[in-house]
Structures are given as C-alpha cells and as structure tokens.
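The structure under discussion appears below in the form of structure tokens.
The values are calculated or read from the model by the stated rules, or taken from the named source; none is laboratory data. As the structure is a computational prediction, the values presented were derived from the model and not from experiment. Using ideal geometry, Cβ is built from the backbone for each residue, glycine included, and neighbour counts are taken over all protein chains shown.
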Amino acid sequence: MSGSSLRDAAAHGETAYLVELLKGGANPCSTDENGLCALHYAAWNGYGECVDYLVVNDLGHTKDDDGYASCVKLRTKAGWSALHIAALGCLRAEEIVERLLMAGVDPSLVDETGLTALEIALDNGNRAVAEVLSQPRPSLEARRAAMARLERAFAVVQYRDRPPRPLESDEDAASIASDEDELLESRPSTARTRFSALVVAKEDDEEEEVMTNAAPSGPRGSGPRSPANS
C-alpha cells in the first residue's frame, strides 16, 4: 500500500506527503502494472523536488531482487528509463532531464523498440530535450558533486551499508563509456543527424518552438498524468 501511496504523492507533486512516506519506509522501487515507479511519475508530471527526494532516497526492493535496488535504474515493462519518459514529453522537460542525468540515469539505454531517450525526444519533436540529450554526458565527477549536494539537502532515509549509487564507481563509468562508444559506432549518427535536421528547421518555425517548449505551470488536464497513457 505504501508503494501505491508514494506513486500517488509523486504524481500529484505532494512533496511533504512523499517525504513522510519515505521516512516511514515506503518502497521507492514499488511499481504499478506497467512497471512505473514513483520516480517515473514525478518526472512525467514535472515535479523536480519530488524527483530530487526520490533519487537521493532511492533504495528499495523489486519483485525480482532480494537485495537493495535503486529506483534510478528502474525501467518499465516497455523498457523505458526515467529519461525515456521525460523525452516523451514530460512537464518542465529540460529541468527534469538535467536532474535525471546528474542522478546517473544512463542516456545510452534503449527501450524494447531499440530507441534511446534522445531518439524518443526526436520522434516526438521535443527539440529542447533533444538538445540537452545530444550534449556530452555529465562527467562522473560532476555527477558525484551534484549528488553530494542533493544528499545534504534531501536525504531523509538512513541506509545501513548502502551500495554505491548508480555509476558511482570508476569501473562502472568506464564500462558505460565503452557501451556508449559501441552504440555510436553501431548506429553511426542517425539520432544526431535527425537532431541537426531539427535545428535547421528551427529557424522556420521559431514562434511555434517557443510555444512548444514553454514550461507549463502545472500538470496538464485536471489531474496527474501517467506516461503509460501518453
């Protein structure tokens, strides 16, 4: 029940309630029938502060894992990471994507259809997000520094013998860098070429782009959105 309540709090941006639930032992790795966790809902609805609390207090248990797991690394049944979900068209997209990158979400992951978050952004015409994702990935040092700052401000759960954060070790970082290089070699420059085409087209519809990329003030519609219904 606490997992469902945590997802609901994240979807509505109810930060105080979300913190209360985390302090009470709510599982951030609890997922719904589509494999969506609280972090996915917070990201999709553009609640940056909820995202920060969840990436810092990230450890929980999944159905398939007897030990600790991190919600930062969770993927849905469609293979979406939190970055894929943001790239689909989340609220306050650029801000959320930058937060997720600093938290260690891997931009080279592909979903069940073989698409990266960058390619998802391109397919959905999310130019601002595509521009962020086309930049070099934040360095390991930058990610560590960012997470250290977040921990000081948002840590509310004390973990006993917590494992390293996602991509915390140099070995992990080297492995991911190698994977990214292989990905770029095997899929030459399709995503970047498509991004370049969008940049050229940008000059032709500048007014439309401003409207598309304006940061909404709150959730669309009358309630929180689910990325499963996008």
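Below are the figures for this structure:
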item	result
Selected residue [under 18 Å from ASP106 (Cβ atoms) and either outside any loop (DSSP other than H, G, I, E, B) or of a type in the set (Ser, Thr, Tyr) (or both)] from ALA43, ALA10, ALA78	ALA43
From SER30, SER4, residue being in contact (Cβ under 8 Å) with a residue 12 or more places away in the chain and assigned to a helix (DSSP H, G or I)	SER4
Residue satisfying all of: in region 45-68; without any contact (Cβ under 8 Å) to a residue 60 or more places away in the chain, crowded, with 23+ Cβ neighbours inside 10 Å and within 14 Å of the chain's Cα centre (by Cα); nearest to PRO164 (Cα to Cα) among these	LEU54
Residue within region 36-44 that is touching a Ser or Thr at 6+ places or on another chain (Cβ under 8 Å), within 17 Å of VAL132 (Cβ to Cβ) and surrounded by 19 or more Cβ atoms within 10 Å (Cβ to Cβ) present	yes
Residue among ALA69, ALA42 that alone is out of contact with any Pro (no Cβ under 7 Å at 6 or more places or on another chain), modelled with pLDDT under 95 and closer than 22 Å to ALA146 by Cα	ALA69
Residue in region 75-97 that is under 19 Å from ALA146 (Cα atoms) and in contact with a Phe, Trp or Tyr (Cβ under 9 Å, 6 or more places away or on another chain) present	yes
Selection within region 8-35 - buried (at least 16 other Cβ atoms within 10 Å of the Cβ), under 24 Å from ARG160 (Cα atoms) and not hydroxyl-bearing (Ser, Thr, Tyr)	LEU18, VAL19, LEU21, LEU22, ALA26, ASN27, PRO28, CYS29
Filter result for LEU36 (in contact (Cβ under 8 Å) with a residue 60 or more places away in the chain and part of a loop (DSSP other than H, G, I, E, B))	yes
